[in-house]
1. Exactly one of these conditions fails for G71: (1) modelled with pLDDT under 85; (2) open to solvent by less than 30 Å² (accessible area, probe 1.4 Å); (3) under 18 Å from the mean Cα position of the chain (by Cα). Give me its number.
2. Please determine, by comparing only the residues of the stretch 229-249 that are more than 25 Å from M166 (Cα to Cα) and not charged (D, E, K, R), which one is least open to solvent (accessible area, probe 1.4 Å).
3. Can you name every residue in the stretch 303-340 that is farther than 17 Å from H403 by Cα and small (G, A, S)?
4. So, in the stretch 200-228, of the ones that are touching a His at 6+ places or on another chain (Cβ under 8 Å) and in a helix (DSSP H, G or I), which residue ends up surrounded by the most Cβ atoms within 10 Å (Cβ to Cβ)?
5. Got at least one residue in the stretch 119-126 being under 19 Å from C234 (Cβ atoms), among the polar types (S, T, N, Q) and part of a loop (DSSP other than H, G, I, E, B)?
6. Can you pull out every residue in the stretch 80-99 that is modelled with pLDDT under 95 and either in contact with a Cys (Cβ under 8 Å, 6 or more places away or on another chain) or of a type in the set (A, V, I, L, M) (or both)?
7. What tally of residues in the stretch 229-249 results from selecting those that are in a helix (DSSP H, G or I) and over 15 Å from S127 (Cβ atoms)?
Amino acid sequence: MEVNRINMQSDNRDPDRPAHPGIFLTREAGKSDHQPAGRSVDFPVSVVLPAGGTGERTGLQTPKQFCSFLGRPLISYTIQAFERVSWIQSIVVVVAKESMDLMMDIAQRFQHGKVRAVPGGSTRHRSICNGVLALGEGEEGRPKVVIIHDAVRPFVEEDFLYKIVMAAKEQGAAGAIRPLVSTVIATTSEGYLDHSLERAKYRASEMPQGFTYDVIHQAYQRCSESDFEFGTECLHLALQYCGTNAKLIQGPPTLWKVTYKRDLAAAESIIKETLSRSACVVTGGSAEAVTLAGALQKAFGALNMELDLIPDLMGENAKYLLTGSNFIQVSVSHSCLSEVEAILTDLEAANRALLHPLVVICVYLSGSDELSVSGRVAEPATIMDLASAAKLRNILLYGIQLHQSKDAERWEKSVLRAAEITSALIRERSPALVGQLLQA
């Protein structure tokens, strides 16, 4: 087989309405430090992501798994959700043959080091089978457990993956389920009601699903051509051809699937909200900057946003270069943009595989309208040039000028205004405002 190597509990919410994924996307790919307390996985686990669909229901020319938001294709977010789990050793992405080059480019561009791309088949089961067979040919050897997950379900959490994997190891197969919200009915050929099912007895089958490698491999070796052509449920194959009765685990509402065009907008909104919850404020250590940062921190509290105040990005604080999504440089001198240049240099040296655009904002306190870069007065074009260079590295740079005032009430309003502008820039991540010096 041709293989290419490439270097979220039940509640009453409407499952058609996207649920917030909590801490999703707070860490970069390959840099997971999250491990469920007291839990470990001491056997090899791999993932198969079928991604060969055409996305007809979205009404878009581009298959939905390759549609981009925040500068990154949907499938890359899903891959990252698995790559950040330290005990997952490899990920096989199964795509249509005509999409192989695109998938390889995505993996290389966003540094998905655990990924292999495999050409898919003409149906879902044929594609998954190709992925399972590829795992058997991998350099790491056959995994003990295989997770099968849809490439267009980006909000999957490590804790739930752990439950699926451990149940699959014990039972041979396990899968996520969700309660049915609508009653399922059968119709006659003439379009009339035939009968309805008792909703309490049935559940919606979801992803992820987990299997021991032997069970899923054997199921595909034994299943019929009809199964390959028309089947969709992997758990059914394990039961019918291996006698393996899957353990069913109720999944969180965050397992929703991007199906329609509106779901892409919902996914983008969720990620933006997650990214806008916190920021790292660099003060440079001066007392005046610390005082201004403290005033901003108080104002941000009213906006439900948390700020971490640090003097620099050295030593222990260097961790923010790998985990932070938003950086605010606070300055009370004319060297604000020089300090921002230092942040940009540090971010470049950190060599992050950016999963979304980072935001860097210079908040400058001055009684004048002058900013400087490396000791020189900065013209608007100079600021724009700096921002344009940063944008090429997926970093969005903005400036906010805050004017000092001796009037306490006016000063408080200015600080709040600066916090509101900063929050909006972080939340919206607007390319149109990159390089602008906004007035607070």
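1. Every condition holds for G71 apart from (2).
2. Initial filter on the stretch 229-249 (more than 25 Å from M166 (Cα to Cα)): 229-231.
Narrowing the set further to residues that are not charged (D, E, K, R) leaves 230-231.
On the way: F230: 160, G231: 23 Å².
Within the stretch 229-249, the match that is least open to solvent (accessible area, probe 1.4 Å) is G231.
3. G315, A318, G324, S325, S338
4. Let us first name the residues in the stretch 200-228 that are touching a His at 6+ places or on another chain (Cβ under 8 Å), namely 207-209, 220, 223, 227-228.
Then drop every residue that is not in a helix (DSSP H, G or I), which leaves 220, 227-228.
Working: Y220: 21, D227: 19, F228: 18.
Among those that are touching a His at 6+ places or on another chain (Cβ under 8 Å) and in a helix (DSSP H, G or I), it is Y220.
5. Yes: one or more hits.
6. The answer is A81, V85, A96.
7. Selection size over the stretch 229-249: 7.
Condition check ((1) under 18 Å from E420 (Cα atoms); (2) part of a helix (DSSP H, G or I)) across all residues:
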site	(1), (2)
K257	no, no
L264	no, yes
K298	yes, yes
L313	no, no
N317	no, yes
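The values are calculated or read from the model by the stated rules, or taken from the named source; none is laboratory data. Every value quoted in this text rests on a predicted model; they were computed, and no experiment measured them. A quick note on method: Cβ atoms are made from the backbone with ideal geometry, for glycine too, and the neighbour counts reach across all protein chains shown. To get the accessible areas, we keep the full protein, side chains included, count just its heavy atoms, and leave off ligands, DNA and RNA. Shrake-Rupley method; radii C 1.70, N 1.55, O 1.52, S 1.80 Å.
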